[in-house]
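Before any comments, here is the structure.
Values quoted throughout were computed directly from the atomic coordinates according to the rules given, and no laboratory measurement underlies them. Keep in mind the model is a prediction, meaning the values are calculated, not measured. Glycine gets a Cβ as well: all are built from the backbone with ideal geometry, and neighbour counts include every protein chain shown.
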Amino acid sequence: MTADVLMLGPMHPRVGERLDAEFRLHRLWQADDPAKLLAEHGGRIGAIAAGGHKGPDEAVYAACPNLKVISAFGVGYDGIDVGLASKHGVTVTNTPDVLNDCVADIALALMLSVSRRIVEADRFTRAGKWPNGAFPFARQLTGSKLGIVGLGRIGKAIAKRAQGFDMTIAYHGRNRQDSPFAYYGDLKEMAAWADILCLIVPGGAGTRHMVDREILEAVGPEGILINVARGSVVDEAALVETLRSGKLGAAGLDVFDREPHVPEALFALDNVVLLPHIASATHQTRNAMADLVVDNIKAVLDGKPPLTPVPG
C-alpha cells in the first residue's frame, strides 16, 4: 500500500518529483482548505517533508496520528520543535554532509571577497573610475588568523580550505575536540585574537545573538566577520552600528535574521558583502539534499533506521 506524505511548503522541485513518483503526496500550502485536507487524509500520512525553518504545529500532529518522520531539507532544523516531535514519537531528519563542501566554499569566497575588496573593485571598474586613479589597496588573506565558531562537519571543511591559505586556525565551541587547532572556551577572547571570525553554528534559542556588540567590538576595526550559519546568531542592530562606526572592520554575510529581508542600512556600506543565502545553492548539492530528504522518508516508512536523524 502506498503511503501518504505531506509537504508543508514549497521545496526543491526534485523533492516533489520523487515523492509524487513513490508516494501519495499532499501539498498543504496549495490546498484551498488546509484543515479539510488534513481532516480527510491526515490519518494516512506517515511522513512530512519540510524546510528547516518551519515544522508542523500541534494541529498537524493531532490530524496525523500515524506520522512517523519529519524529513527536513537542510542541515539546519531550528524551525522544527524536535522536543515536540519526540513527544509524539516522530523522528526528525536533516541533510548534513552533502552540503559541507559548498558551504565551506562560500565561507572562503566571502573571506577573499571581503579581505581583497573584490565586490568594491568590480563596482569601481564598472563605473569607469580606473582611468582616474588606481583602486585602493586591500588586505592579504594568506597568513590570517581564523577563528571558527563551531568546528562541526562544515567548520572542519572550512578549516581544511583555510590551511591552503596558510592561516592560523583556532575554534570555539561548547566542548574541546580532538583537533590540531587551538581551542578557546571564551568566545570574546578568540574574537580579539582572530583577524577573521567565521560563524558556522546551528541556529535556535541557544545561539541567538551569541555574537553581540561586545564580540563584534572584540573582532575590532581591522577584523572581519563571516556568517554562513544563521542570521539569528548575530545581533544585527549591533552589527550595523559597528560596521557604520568602524568598530568592526568588515563583514561577509550569507544569512540574515529576517530572511529574505536584509537591513537596508547594510546596502549603503562598502565594508560588507551580502549574499542571498546561497551557500548550498549549487545544482549538485541541492539535488543531493533533495534525494536525502526522500531517502530518509523511504527508510523510516520501510521500517528501517533513518539515514541522518537529528539528536532528539
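Of note:
- Whole-Hz couplings from phi, Karplus 6.51/-1.76/1.60, listed for segment 2-8; x for Gly and Pro: 6, 7, 9, 10, 10, 10, 6
- Asn175 versus Glu214: modelled label distance in nm, points set 7 Å from Cα along the beta carbon direction: 2.5
- Overall form of segment 183-312 per C-alpha gyration tensor (a/c, 1.5; a/b vs b/c): prolate
- For the chain, the longest principal axis of the Cα atoms and the long axis of helix 13-22 meet at an angle of about 20 degrees.
- Length gained on full extension, Glu17 to Ala127, computed as 0.36 nm times the residue gap minus the Cα-Cα distance: 35.2 nm.
- Segment 2-34 and segment 146-179 have their alpha-carbon centroids 38 Å apart.
- Each peptide in 61-72, 103-114, 34-45 receives the mean, over its residues, of other Cβ atoms within 10 Å, and ordering these scores from highest gives 103-114, 61-72, 34-45.
- Surrounding net charge for Ala3, when Lys and Arg each add one and Asp and Glu each subtract one, Cβ distance under 10 Å: +1
- Cα centroid separation - segment 111-126 against segment 188-245, whole Å: 22
- Each residue of segment 106-112 is assigned a 3J(HN,Hα), and the resulting list reads 5, 4, 5, 4, 5, 4, 5 Hz, derived from the Karplus form 6.51 cos²θ - 1.76 cosθ + 1.60 (θ = phi - 60°), x at Gly and Pro.
- Take the Cβ atoms of Ser86 and Ala268, set R0 to 35 Å, and the FRET efficiency comes out at 0.15.
- Using alpha-carbon coordinates, inclination of helix 236-245 to the longest axis of the chain, degrees: 10
- Farthest toward positive dipole pole in segment 100-274 [+1 Lys/Arg, -1 Asp/Glu at C-beta], among Gly252, Pro136, Val211: Pro136
- Local electrostatic count, Phe124, Cβ distance below 13 Å [Lys/Arg +1, Asp/Glu -1]: +2
- Dipole moment magnitude, nearest 20 debye, the chain about Cα centre, only Lys, Arg, Asp, Glu C-beta charged: 460
- Placed amide H near Leu25: partners under 5 Å, 5+ positions off or other chain: Val5
- HN-Hα J in Hz across segment 258-270 - Karplus 6.51, -1.76, 1.60, θ = phi - 60°, x for Gly and Pro: 10, 3, x, 8, 10, x, 4, 4, 6, 4, 8, 8, 7
- Over the chain, DSSP H runs of length four or greater, each weighted -39,500 (n - 2.57), average out per residue to a 222 nm ellipticity of -10000 deg cm²/dmol.
- Length gained when the stretch Asp97-Lys188 is fully extended (0.36 nm per residue, less Cα-Cα span): 29.9 nm
- Bins of 10 Å from zero: percent of alpha-carbon pairs in segment 100-274: 10, 40, 36, 11, 2, 0
- Cβ-Cβ FRET estimate between Ala39 and Asn287, R0 fixed at 45 Å, reported to 0.05: 0.85
- Per-residue packing, averaged as other Cβ atoms within 10 Å, sorts the ranges 277-285, 210-218 into the order 210-218, 277-285, beginning with the highest.
- Sites Arg24 and Ala62 - FRET efficiency at Förster radius 25 Å, r taken between beta-carbons, to 0.05: 0.75
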